[in-house]
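All remarks here apply to the structure that follows.
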Amino acid sequence: MSQTPANISGSMNGHSGATAAFAARVLDRPAARLALVFGFALLTWAGAKISVPLPGTPVPGTLQTLVVLMAGAFLGARAGAASQATYIIMGMAGLPVFALPGAGPAYLLGPTGGYLVGFIVAAFAVGSLLTRWRGRGIVGPVLIFLLGAVTIHACGLAWLSVVLADASAALRAGLLPFILFDLAKVVVATGTYAGYLRWKPSTLP
């Protein structure tokens, strides 16, 4: 018997729903959540290695901000923050995970130390706010991702001002060269999250 377009569509939707429900059950397991936390820590490491040195600033351009925003969006507040804390712990333990040469606790005293702390704060903020905004349209996620990027820079600039002993120099070195780059990351994060919302079951963050 031939299937009508409606039947085919219903079958596809049913298959998609079953897949999403199965994913929800799998991802709800502690081992799977732990794997995702570690996975996003590794993605942050990878984002650090896609690094572009910029003239006039000790802070390189990387893809880490995008990973941080996605960690909060996909994992939720606590797991997203945990992924970034795991990343920092890896670096403090001596692994070469950071964007600039060096590792260990002393690395946090360098020019990018504040940004690293901001990763944890931003992932938590993005995850927490997106959970509250769920189902209210796309404007909210845009603003939340933008807030996440601003949070990273606020933490980074606070410490960079101490390192450079000059707040205006920190602003010129730690924010102005990155504005367009980070706005592009917010756009990518929003598009990725919008696609994620179409697929994911309501039980996921």
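Bear in mind that the values in this text are calculations on the coordinates, not laboratory data. Being a predicted model, the structure only gives us computed values, none of them experimental. Here the Cβ is made from the backbone with ideal geometry for all residues, glycine too, and neighbour counts use every protein chain on show.
Would any residue of the stretch 139-165 have its amide N under 20 Å from a label point 7 Å out along Cα→Cβ of residue 197? List them or say none. It comes to 139-150, nothing else.
For 51, 168, which order do you get if you count the other beta carbons within 10 Å of each Cβ and list the fewest first? Could you put the intermediate results ahead of the total?
On the way: 51 15, 168 9.
In increasing order of surrounding Cβ atoms, one gets 168, 51.
Listed by Cβ neighbour count within 10 Å, with the fewest neighbours leading, 196, 87, 107 appear as 196, 107, 87. Using C-alpha pairs below 8 Å separated by at least 6 residues, the relative contact order for the stretch 32-199 is 23 percent.
A simple spin-label model places the labels of residue 108 and residue 46 2.7 nm from each other, with each point 7 Å out along Cα-to-Cβ. Over the residues of the stretch 32-199, compute the C-alpha Rg and express it relative to 2.2 N^0.38 Å. Working it through for the stretch 32-199, the quotient is 0.98. The order of 163, 186, going from fewest to most other C-beta atoms within 10 Å of their C-beta, is 163, 186. With the crude spin-label approximation of a point 7 Å out along Cα→Cβ, what separation in nm comes out for residue 181 versus residue 136? So the label points at residue 181 and residue 136 sit 3.2 nm apart. A cut-off under 9 angstrom between Cβ atoms defines the neighbours of residue 149, and their net charge, with Lys, Arg +1 and Asp, Glu -1, is 0.
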